[in-house]
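> Below are the structure tokens for one structure; questions will follow.
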Amino acid sequence: MGIGQIRGYLFIFIITNMLPIRNYLRLIKFSHTLFALPFAMIGFFLGMLGTRTITAYPAVSNQELFIRLILVLICMITARSAAMAFNRYLDRHFDAKNPRTAIREIPAGIIAPEIALRFVIVCCLLFMVSCWFINRLCFFLSPVALFVILFYSYTKRFTALCHLVLGIGLSLAPIGAFLAVTGRFEILPLIFSGAVICWVSGFDIIYAMQDEEFDRSEKLFSIPTAFGKKQALRISVFLHILSAFFVITAGLYGGFGYWYWMGMLLFAGMLIYQHTLVKPQDLTRVNLAFMTANGIASVLFALFVITDMVITHKH
């Protein structure tokens, strides 16, 4: 199946079901793409520009780099859309029972389950086709990436470590984007991935605190159900400290300059800020901590890191 056929299938799929695009955007929480996308851009520019101590060897022209950047963006959007839609599809019966999630598109009847599943399949196909046009290594690794991000949806059914699996899924962003440019593995993108794992796992634990009682009643697993809200918050703090450690390690290993360390301080500051918003007995500001603080943290950090690489490259 060619990319033109898949685009046509996606177009027909949406038009046939007469569903506004905004319903899909709400289904997949498109705004949450901000979490992993900035780290993907760090990986991409790291492969393209390098740092003071890490040399990049992009064996492609500037035009090809631009095309690969577009393909990386498509990969990020389609992979995350597939993962989120699949999660909503798989959890639809639990969501219908939970007052907090009963208004979501599938349990509310806005999007039929089978349509959501078709949407997942289309996104997976687009992801793999985009990887094919990037390079062979990315294409051969694409099923592995899809397995990780889709497998997360099952983990709440048998392990409290589900938050770490989510973190691993999003941590593929800087590695994948770096591979898209260079076609090889390096240590530095792996260190950034370590930061993403701990960062995402930490804030997902905070988010899961909202459903502690419900998850326990449904025999679903999470850190809050296993240890309670107070201890879960401590574990989240520990993971965010580890995330900051990885960011510092990446800065030292990569030989980054002043702009990087400014970004690191802002990133750490937003981590601290989100923990001032949430208390075990007060979860009213969880969404502010989850979306606003983390979205700002990732975007600002990426901007400062990329700025540092651009300045280094010019010199």
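The values are calculated or read from the model by the stated rules, or taken from the named source; none is laboratory data. Note that the structure is predicted; figures quoted are calculated from it, not measured. Note that we place each Cβ from the backbone using ideal geometry, even for glycine, and neighbour counts take in every protein chain shown. When the accessible area is computed, the model is the full protein with side chains, heavy atoms only, and any ligands, DNA or RNA have been set aside. Shrake-Rupley method; radii C 1.70, N 1.55, O 1.52, S 1.80 Å.
> Based on alpha-carbon atoms only, what is the radius of gyration of region 68-120 relative to the globular estimate 2.2 N^0.38 Å? Intermediate results must be reported in sequence, preceding the final value.
Numbers: Rg = 13.1 Å, N = 53, 2.2 N^0.38 = 9.9 Å.
The value comes to 1.31.
> Further question: Could you look at the chain and say what percent of its accessible area is carbon and sulfur, using a 1.4 Å probe and all protein chains?
Numbers: 10210 of 14450 Å².
In the chain, the share of accessible area belonging to carbon and sulfur is 71 percent.
> Placing unit charges on C-beta atoms (Lys and Arg positive, Asp and Glu negative, everything else neutral), compute the dipole magnitude of the chain about its Cα centre in debye, rounded to 20. Spell out each step's value before the answer.
Working: 25 positive and 14 negative charges, 44 e Å.
Dipole size: approximately 220 debye.
> Counting Lys +1, Arg +1, Asp -1, Glu -1, what net charge surrounds Cys162 among other residues with beta carbon under 13 Å of its beta carbon?
On the way: positive: Lys156, Arg157; negative: Asp91, Asp204, Asp211, Asp215.
Every neighbour counted, the sum reads -2.
> Would you calculate the separation in nanometres between label points at Ala102 and Lys279, each defined as 7 Å from the Cα along the Cα-to-beta-carbon direction?
In this crude label model, Ala102 to Lys279 measures out at 3.0 nm.
> Of Ser142, Val129, Ser81, which is farthest on the positive side of the dipole of the chain, counting Cα position, with +1 on Lys and Arg Cβ, -1 on Asp and Glu Cβ, and the Cα centre as origin?
Ser81
> Please get the size of the charge dipole for region 217-315, origin at its Cα centre, with Cβ charges of +1 on Lys and Arg and -1 on Asp and Glu, quoted in debye to the nearest 20. Each step should come with its number before you reach the end.
On the way: 7 positive and 3 negative charges, 54 e Å.
For region 217-315, the charge dipole is close to 260 debye.
> Enumerate the calculated ³J(HN,Hα) couplings along region 273-284 in order (Karplus 6.51 cos²θ - 1.76 cosθ + 1.60, θ = phi - 60°), each rounded to whole Hz, writing x wherever the residue is Gly or Pro.
Taking θ as phi minus 60°, the curve returns 4, 5, 7, 7, 8, 10, 10, x, 9, 9, 10, 5 Hz for region 273-284.
> Please report, in whole Å, how far the alpha carbons of the chain spread along each principal axis, starting with the longest.
Rounded to whole Å, the extents work out to 58, 49, 29 Å.
> Please work out the average accessible area per residue across region 42-137, using the 1.4 Å probe convention, and give it in Å².
46
> Normalised by the empirical 2.2 N^0.38 Å for globular proteins, what value does the Cα Rg of region 196-257 take? Intermediate values should be presented prior to the final figure.
On the way: Rg = 14.7 Å, N = 62, 2.2 N^0.38 = 10.6 Å.
Relative to the 2.2 N^0.38 Å estimate, region 196-257 comes out at 1.39.
> Hey, another quick one. Would you work out if region 127-241 is rounded, prolate or oblate? Take a ≥ b ≥ c from the square roots of the eigenvalues of the alpha-carbon gyration tensor; rounded if a/c is under 1.5, else prolate when a/b is larger than b/c, oblate otherwise.
Working: a/c = 4.02, a/b = 1.91, b/c = 2.11.
Verdict is oblate for region 127-241.
> Add -39500 (n - 2.57) for each DSSP H run of 4 or more in the chain, then divide by its residues: what number comes out at 222 nm, to the nearest 500 deg cm²/dmol? It would help to have the intermediate numbers written out before the result.
Numbers: 13 runs with 234 residues, N = 315.
Value at 222 nm, helices only, nearest 500: -25000 deg cm²/dmol.
> Additional query: Per residue, how big is the convex hull around the C-alpha atoms of region 119-174? Give it to me in cubic angstrom, could you? Provide the component values of the computation, followed by the final result.
Working: hull volume 4.3 nm³, N = 56.
Taking only Cα atoms, region 119-174 has a hull volume of 77 Å³ per residue.
> Could you calculate, for region 251-315, the ratio of the Cα radius of gyration to the Kirkwood radius, expressed as Rg to Rh?
Numbers: Rg = 14.7 Å, Rh = 12.8 Å.
Here Rg/Rh amounts to 1.14.
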